[in-house]
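All remarks here apply to the structure that follows.
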Amino acid sequence: MGNEHVYSDIEICLKYLPAETTEQALKDHFSQAGEIEGMPSLMRNPSTGKCKGMGWINFKKPEGSTNALSMDGCRFMGRNLNITRGRCRAGAVKGTVQAIGTHSPALIEEVLARLVLPNPDGVYIDGTFGRGGHSRGILAKLSKKGSLHAFDMDDAAVAVGRQLEKDDPRFHMHKGMFASMHKVMKEEGIQADGILLDIGISSPQLDGDRGFRPEMEGALDLRFDLTSGVPAHEFLQTVSAEDLEEILVKYGGEDATVAQRIADMVVLQRQIGTIPNRTQEFAEFVRKAKGKEYQAMHPAKLTFQALRIYLNQEFEQLQKGIRAALKTLSVGGKLGIITWKHSECALVIREFHAREVCPAEYPLMTWHRDMAGGDGAGEVPQSTGWYMENVSRPSARELSENSRSRSALLHILTKKRGVLIPDLEEACYPMLKIRRGKRGEQEA
């Protein structure tokens, strides 16, 4: 039921538009079908501003949409267009088109309210600068005493940050992975009051030419830092079928059988020819290898996601980043993490549980306090760890303006000092005759 689609009776979707298409030219061409509401929307390349082949038109009346649908296959600027009804999944947020050269930072109001506004004089870190959307929002709320340090590996992002550094003396740009924040901040003698990590990729990266989206033409690269590692098409020339299958399942969430088929076909393709080095050609290869897809998404989406996460070591960086944040924050400081996928949420929760500060009402703490005192248990040593606040989700207004934020979740972890639950378990379980091996595994 969740993948059923709702079709619009006034909107049409156009494919195979030429790169030179303009909104006015499209409106002039389709005005013969009926009166058009506003201007057409085009999907554009954020770097060049040119149309990327898709667009949408809303008519004032359903008759206009019906007439436009009858024009399917018509010639426009030398191309035959594909025209279908606009659609979205039942209950889903209607897509929005990002303005050229811009990036709408997800959950910006929630980030500012929960991370920055409590202490506008503080020192903050934006570990995923991107195009600076969150950083600009933070700077706007900081006082003259406040300061902001940002990290990014993407050369294009760093260039934007260098300019912002010139414009605002409170801002400091660092080229590097956010996992390196503790080393950099320690060398400068700085402890932070708040840290933000927006996991994933920014809209300019998503719409750019490095192959992050299977439906967009570009080089099959998938790296954030073009000076490090190897592009995806080179990696696919050497990876074993077994390793690629594991990557597709672990990082893409792909079905094991499908992952095996894709991996086997990659190895077979190497034997009889070459692996495609362009996104759309490789996406078509994956589609053929995968077969029928029941989900309403591009058949190659999970494969591209898995390769991107693996090549950029995104999960490892997130794990290291959370641990670095704990060392970098002052006690009482907050770490905000914006996640986009379940696998990212799961990693955040695992790291939180590994250093979770024990609440006063935690049952094992109550038992230890009331019962263990006379058994020689002694005091459990305190340490620094995390307290987790409630998650924030995008507001209805944000979703209406930026549909890409629909999957975003803001996790807030506060650095506190106290007894950690794992340490409490280690002290109490022997007395309770509960034996544990590795964390969460019962010993034989």
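The values are calculated or read from the model by the stated rules, or taken from the named source; none is laboratory data. Note that this is a predicted model, so its numbers are computed, not measured. Every residue, glycine as well, gets a Cβ built from its backbone with ideal geometry; the counts of neighbours run over all protein chains shown.
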Worksheet, complete the sentence: Expected single match for modelled with pLDDT of 95 or more, touching a Phe, Trp or Tyr at 6+ places or on another chain (Cβ under 8 Å) and closer than 15 Å to K416 by Cα among V357, V331 is V357
Item to complete: Consider G229 carefully, then state whether it is within 30 Å of K145 (Cα to Cα) and either part of a loop (DSSP other than H, G, I, E, B) or modelled with pLDDT of 95 or more (or both).
Response: no
Practice prompt. Could you give me the residue pairs with C-beta distances under 6 Å whose first residue belongs to segment 269-298 and is without any contact (Cβ under 8 Å) to a residue 60 or more places away in the chain and part of a helix (DSSP H, G or I), whose second residue is basic (K, R) and surrounded by 15 or more Cβ atoms within 10 Å (Cβ to Cβ) wherever it lies, and which are 6+ apart or on separate chains?
Written response: A289/R261
Item to complete: Residue by residue through segment 108-167, note down the ones that are aromatic (F, W, Y) and in a helix (DSSP H, G or I).
Response: none
Practice prompt. Of the conditions (1) out of contact with any strand residue (DSSP E or B) (no Cβ under 8 Å at 6 or more places or on another chain); (2) surrounded by 14 or more Cβ atoms within 10 Å (Cβ to Cβ); (3) within 23 Å of R393 (Cβ to Cβ), V348 clears all except one; give me its number.
Written response: (1)
Worksheet item: Looking at (1) assigned to a loop (DSSP other than H, G, I, E, B); (2) under 25 Å from Y124 (Cβ atoms), which is the only condition P359 fails?
Response: (2)
Fill in: Test: residue in segment 395-418 that is in contact with a Pro (Cβ under 8 Å, 6 or more places away or on another chain), assigned by TED's automatic domain parsing to the domain that holds A179, among the hydrophobic types (A, V, I, L, M, F, W, C) and part of a loop (DSSP other than H, G, I, E, B)
yes
Worksheet item: So which of Q313, Q271, Q260 ends up being within 20 Å of the chain's Cα centre (by Cα) and surrounded by fewer than 20 Cβ atoms within 10 Å (Cβ to Cβ)?
Response: Q313
Discussion item. Can you say whether S8 is modelled with pLDDT of 90 or more and of a type outside the set (A, V, I, L, M), as far as the supplied structure shows?
Written reply: no
